[in-house]
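For reference, the structure is listed below as structure tokens.
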Amino acid sequence: MSTCFTIQILIRCFHLYDQSGKLVKSKEVVRGENKIDISELPDGAYLMKTESESYKIIKKN
């Protein structure tokens, strides 16, 4: 099972938060297609925020 996802990003950075609101990953990226590795994170729901949008991400094995 993959622990990476690919997203088309038009921004320069993203922030990933766990269910308690704790920042668990933050990264500057280049505009365009980016592969984001979340293999180090435990299973659960995460909120990814960019400069203009928010996404819900569910990780489970």
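The values are calculated or read from the model by the stated rules, or taken from the named source; none is laboratory data. These numbers come from a predicted model, not from an experiment. So basically every Cβ, Gly included, is an ideal-geometry build from the backbone, and we count neighbours across all protein chains shown.
Quick notes
- Of note, Leu10 satisfies the criterion of being at pLDDT below 85 and in contact with a Lys or Arg (Cβ under 7 Å, 6 or more places away or on another chain).
- Scanning region 27-61 for residues that are within 14 Å of Arg12 (Cβ to Cβ) and hydroxyl-bearing (Ser, Thr, Tyr) gives Thr50, Ser52.
- Hits in region 14-61 (condition: at pLDDT below 85, more than 10 Å from the chain's Cα centre (by Cα) and exposed (fewer than 13 other Cβ atoms within 10 Å of the Cβ)): Val30, Arg31, Gly32, Glu33, Glu51, Ser52, Glu53, Lys60, Asn61
- Of all residues in region 21-61, those satisfying the criterion of being assigned to a loop (DSSP other than H, G, I, E, B) and under 17 Å from Thr3 (Cβ atoms) are Ile38, Ser39, Glu40, Leu41, Pro42, Asp43, Lys60, Asn61.
- Within region 27-45, not a single residue is hydroxyl-bearing (Ser, Thr, Tyr) and in contact with a strand residue (DSSP E or B) (Cβ under 6 Å, 6 or more places away or on another chain).
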